[in-house]
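Colleague: A single structure is presented below for examination.
The values are calculated or read from the model by the stated rules, or taken from the named source; none is laboratory data. The shown structure was predicted, so the numbers you read here are calculated from the model rather than taken from an experiment. All Cβ positions, glycine included, derive from the backbone under ideal geometry; neighbour counts span all protein chains shown.
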Amino acid sequence: MDGARRTTRRGDLPAPGPRRPAEATASVLRAVLDHGPIARSSIARVTRLSAATVSGVVPALLDRRLVREVPEAAGRPGIGRPHVPLDLDGDAVAVVGAHIAVPRTTVAVLDLRGRVLAQRQDPHGGHDPANVLTALAHRIAALLEESGVRRRILGLGLATGGWVDPASGTVVEHPFLGWRDVPAGAVLAEATGLPVRLDSNSRALLRAEQLFGAVAARARRSAVHLFVGNVVDVGFAAGGVVHQGPRSAAGAIAHLPVEGCTELCACGRRGCLQAAVSERALVRRALVRGLIDRPDVTELVDAARGGRAGAVELLQDRARLVGRAAGLLLDLFDPEVLVVAEAGVNRLPACLAALRAEAAAWSTTGADMASSVRPSSFPDHVLAVAGGAVALDDLYASPLTRTDLIQSRA
C-alpha cells in the first residue's frame, strides 16, 4: 500500500536495559524520609515496589550510611523473621547549604532531614563575583572546622536571587549584585572539591517544602512558593515537578504590576511588585520613620514583635501588597498550597492574617482558596534551608549517583 506505514513490532524496539532503577533507590530513600522508622515490608507497600526490589536496594543505602537499621524501634517480636525498621542515618552524612543575598552570605550544614546543624552569616565586602565566591568557599571551610561537624559532606547547594540556570551552574543575571553569566557552580566546585548544585530562591525553597515542609504531601501535588526578600520571585510545581522553563527563567515576577504599588521601579515604570515590597524598599521606609537604626529587616521584625506600633503597621502594609500578588497567583495556578517566605509573615500572625485577607479579596476564588496560603515552614532558617534544599533534593533524586561521586573524589 502506497504511503502506508508499517506497525512497529516488538523486534524493532531496542532491547530493554537492566532495571536496577535509580528511581527505586530514590523511592526507598524518600519513603524512609517520610515514614521512618519503617520496615522493609512497609516500604514495599508505600512505594508499590516489590519486596525483592526493596531488599535489593536497601544494602546500597546502608553501605553508604544514608539509612541505618533501628532494632530498638521494632515492635514486640511475633511469629517468623523479625522486621528490623530502617531510618535515616542521623549521624553519618550531611550537606552544605549556601545562600548569596544582597548584603550577606549564609552558610549552613544540614542533616538528611533538612535540620540546620550549624550556621554562620557574613556581610559582603563588595559584590565582585570572584571575591564573593572566594570568600564563600573560605567560610564553608571555616564553618566545617569551627562547628565540629564530623560527617561526610555529600554536596553543596547554592541558592540566590535573580535568574539562575541550574543546568549550567550559572547565575545568569542578578540585578542587585550586578552579576551576569557568573559560573558560580564551577567556581565553588573547584574551590571546595564538592559537587555543587544551584537554583533560585523560590525554586530552592519550594523543593524544601516538598521534601520536609509542614505540608509536604500537599506541596508535592501542586504548589506555589513566593519569596519576598531584596529579590522577589516565584517557584511553582505540579505533580511534584518544579517548573524551570526552557531557559530556567520561570518565576520572574519582579515587574508584575500590582495595584497599590506606587514606587518608581528601576525599569522606569511604577506599579512593579518588587519595587514596592522588596526589603530594600521596606528598610528605606523604616529608616525614614525612625523605626530602626540600621538597614536590617530583622531589626524591624524584632521591633514589631516587641509591640512597636509603627513597625507592625509597616509590615502589615507590605503583607497586604504581597497578598494582592498572592491572590493573582492563586487564580493563575490554582495550587494545593501557596507558601510565602516573607519576614513579617514568617514571624507575625497579624501579618499572615493581613496577607490572607488581601489574597481572599483579590482572588476570584475568595476565602476558600486564601486558606491555602501558608508561611514558610522554616521561619528561623529560611536562607540556610534554601541552599541546603538544593543539595538535598539532588541527593534524594539520585542517592547512589551523588554518594558515588563523592567517593570518587575522595
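Colleague: Inspect all residues belonging to the stretch 157-167 and state whether any of them is under 23 Å from the mean Cα position of the chain (by Cα), farther than 23 Å from Val382 by Cβ and not in a helix (DSSP H, G or I). First the steps, then the outcome.
Modeller: Quick first cut of the stretch 157-167, residues under 23 Å from the mean Cα position of the chain (by Cα) only: 157-167.
This time we only want the ones that are farther than 23 Å from Val382 by Cβ, so: 167.
If we keep only those that are not in a helix (DSSP H, G or I) as well, we get 167.
Within the stretch 157-167, one or more residues are under 23 Å from the mean Cα position of the chain (by Cα), farther than 23 Å from Val382 by Cβ and not in a helix (DSSP H, G or I).
Colleague: Looking at Ala219, Ala237, which one is in a strand (DSSP E or B), at pLDDT 95 or above, small (Gly, Ala, Ser) and assigned by TED's automatic domain parsing to the domain that holds Asp296? Quick ask: steps written out before the conclusion?
Modeller: Details: Ala219 fails: in a strand (DSSP E or B).
Exactly one residue qualifies, and that residue is Ala237.
Colleague: Pro335: in the same structural domain as Asn230 (by TED's automatic domain parsing), out of contact with any strand residue (DSSP E or B) (no Cβ under 8 Å at 6 or more places or on another chain) and not basic (Lys, Arg), yes or no? Quick ask: steps written out before the conclusion?
Modeller: Numbers: in the same structural domain as Asn230 (by TED's automatic domain parsing): yes; out of contact with any strand residue (DSSP E or B) (no Cβ under 8 Å at 6 or more places or on another chain): no; not basic (Lys, Arg): yes.
Answer is no for this residue.
Colleague: Being in a loop (DSSP other than H, G, I, E, B) and either at pLDDT 95 or above or buried (at least 24 other Cβ atoms within 10 Å of the Cβ) (or both) is the filter here; which residues of the stretch 383-399 pass it? Can you show your working first?
Modeller: Here is the first cut: in the stretch 383-399, the ones in a loop (DSSP other than H, G, I, E, B) are 398.
Residues satisfying the conditions do not exist here.
Colleague: Scan the stretch 282-314 residue by residue and report those that are over 20 Å from Leu352 (Cβ atoms) and of a type in the set (Gly, Ala, Ser).
Modeller: Filtering the stretch 282-314 down to residues over 20 Å from Leu352 (Cβ atoms) leaves 283-285, 287-296, 299.
Within the stretch 282-314, Gly290 is the sole residue that qualifies.
Conditions tested, residue by residue: (1) in a loop (DSSP other than H, G, I, E, B); (2) at pLDDT below 95; (3) at negative phi.
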{"position": "Ala281", "(1), (2), (3)": "no, yes, yes"}
{"position": "Asp293", "(1), (2), (3)": "yes, yes, yes"}
{"position": "Leu300", "(1), (2), (3)": "no, no, yes"}
{"position": "Ala311", "(1), (2), (3)": "no, no, yes"}
{"position": "Arg318", "(1), (2), (3)": "no, no, yes"}
{"position": "Val322", "(1), (2), (3)": "no, no, yes"}
{"position": "Leu338", "(1), (2), (3)": "no, no, yes"}
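Colleague: For the stretch 118-129, state whether one or more residues are more than 25 Å from Val322 (Cα to Cα), assigned to a helix (DSSP H, G or I) and free of Cβ contacts under 8 Å to residues at least 40 places away in the same chain.
Modeller: no
Colleague: From the list Leu136, Leu112, pick out the single residue that is crowded, with 21+ Cβ neighbours inside 10 Å and part of a loop (DSSP other than H, G, I, E, B).
Modeller: Numbers: Leu136 fails: part of a loop (DSSP other than H, G, I, E, B).
Exactly one residue qualifies, and that residue is Leu112.
Colleague: Could I ask something else about it? Please work out which one of (1) closer than 15 Å to Arg347 by Cβ; (2) more than 25 Å from the chain's Cα centre (by Cα); (3) not aromatic (Phe, Trp, Tyr) is the condition Val228 fails and give its number.
Modeller: (2)
Colleague: To continue, here is another question. Determine, yes or no, whether Pro85 is in contact with a Pro (Cβ under 9 Å, 6 or more places away or on another chain) and either of a type in the set (S, T, N, Q) or farther than 30 Å from Pro175 by Cβ (or both). First the steps, then the outcome.
Modeller: Numbers: in contact with a Pro (Cβ under 9 Å, 6 or more places away or on another chain): yes; either of a type in the set (S, T, N, Q) or farther than 30 Å from Pro175 by Cβ (or both): yes.
When the stated conditions are applied, Pro85 passes them.
Colleague: So Thr262 clears everything in (1) at pLDDT 90 or above; (2) farther than 30 Å from Thr170 by Cα except one condition, right? Which one?
Modeller: (1)
Colleague: Gly162 is checked against (1) in contact with a helix residue (DSSP H, G or I) (Cβ under 8 Å, 6 or more places away or on another chain); (2) buried (at least 17 other Cβ atoms within 10 Å of the Cβ) and fails just one. What number does that condition carry?
Modeller: So Gly162 meets the others, but not (1).
Colleague: So, of the residues in the stretch 139-156 that are among the hydrophobic types (A, V, I, L, M, F, W, C) and part of a strand (DSSP E or B), which turns out to be surrounded by the fewest Cβ atoms within 10 Å (Cβ to Cβ)?
Modeller: Taking the stretch 139-156 as the starting set, the residues that turn out to be among the hydrophobic types (A, V, I, L, M, F, W, C) are 140-144, 149, 153-154, 156.
If we keep only those that are part of a strand (DSSP E or B) too, we end up with 153-154, 156.
Values: Ile153: 19, Leu154: 25, Leu156: 28.
If we take residues in the stretch 139-156 being among the hydrophobic types (A, V, I, L, M, F, W, C) and part of a strand (DSSP E or B), then Ile153 is surrounded by the fewest Cβ atoms within 10 Å (Cβ to Cβ).
Colleague: Considering only residues that are of a type outside the set (D, E, K, R) and either surrounded by fewer than 19 Cβ atoms within 10 Å (Cβ to Cβ) or touching a His at 6+ places or on another chain (Cβ under 7 Å) (or both), which ones fall in the stretch 167-204? Please lay out each step first, then the result.
Modeller: Narrowing the stretch 167-204 to residues of a type outside the set (D, E, K, R): 167-172, 174-179, 182-189, 191-196, 198, 200-202, 204.
Correct list: Ala167, Ser168, Val172, Pro175, Phe176, Leu177, Gly178, Pro183, Ala186, Ala191, Gly193, Ser202.
Colleague: With the requirement that a residue be within 17 Å of Pro103 (Cα to Cα) and surrounded by fewer than 19 Cβ atoms within 10 Å (Cβ to Cβ), what does the stretch 294-315 give you?
Modeller: Arg294, Pro295, Asp296, Thr298, Glu299
Colleague: In the stretch 354-382, what residues are among the small types (Gly, Ala, Ser) and crowded, with 20+ Cβ neighbours inside 10 Å? Outline the logic, then answer.
Modeller: Of the stretch 354-382, the ones among the small types (Gly, Ala, Ser) are 354, 357, 359-361, 363, 366-367, 370-372, 376-377.
Passing the criteria: Ala354, Ala359, Ala360, Ser363, Ala370, Ser372, Ser376, Ser377.
Colleague: Something else about it: Within the stretch 236-286, track down each residue that is surrounded by 16 or more Cβ atoms within 10 Å (Cβ to Cβ) and of a type in the set (Asp, Glu).
Modeller: Glu263, Glu279
Colleague: Taking the condition at pLDDT 90 or above and farther than 30 Å from Val149 by Cβ, does Arg65 pass?
Modeller: Details: at pLDDT 90 or above: yes; farther than 30 Å from Val149 by Cβ: no.
The answer is no for Arg65.
Colleague: Going by the conditions given, is Gly185 at pLDDT 95 or above and either in the same structural domain as Leu330 (by TED's automatic domain parsing) or of a type outside the set (A, V, I, L, M) (or both)? Quick ask: steps written out before the conclusion?
Modeller: Working: at pLDDT 95 or above: yes; either in the same structural domain as Leu330 (by TED's automatic domain parsing) or of a type outside the set (A, V, I, L, M) (or both): yes.
Yes; evaluated as a whole, the condition is true for this residue.
Colleague: Looking at (1) within 18 Å of Val234 (Cα to Cα); (2) touching a helix residue (DSSP H, G or I) at 6+ places or on another chain (Cβ under 8 Å), which is the one condition that is false for Val196?
Modeller: Here Val196 clears every test but (1).
Colleague: Does any residue of the stretch 239-247 turn out to be within 15 Å of the chain's Cα centre (by Cα), over 18 Å from Asp165 (Cα atoms) and not basic (Lys, Arg)? Write out each step before concluding.
Modeller: First, pick out the residues of the stretch 239-247 that are within 15 Å of the chain's Cα centre (by Cα): 240-244.
Narrowing the set further to residues that are over 18 Å from Asp165 (Cα atoms) leaves 240.
When the remaining residues are screened for being not basic (Lys, Arg), the result is 240.
Yes: one or more hits.
Colleague: Same structure, new question: Output the qualifying pairs, or none if there are none: Cβ atoms under 7 angstrom, residues six or more apart or on different chains, first residue in the stretch 188-209 and of a type in the set (Ser, Thr, Tyr), second residue assigned to a helix (DSSP H, G or I).
Modeller: Matching pairs, first to second residue: Thr192/Ala137; Thr192/Ile140.
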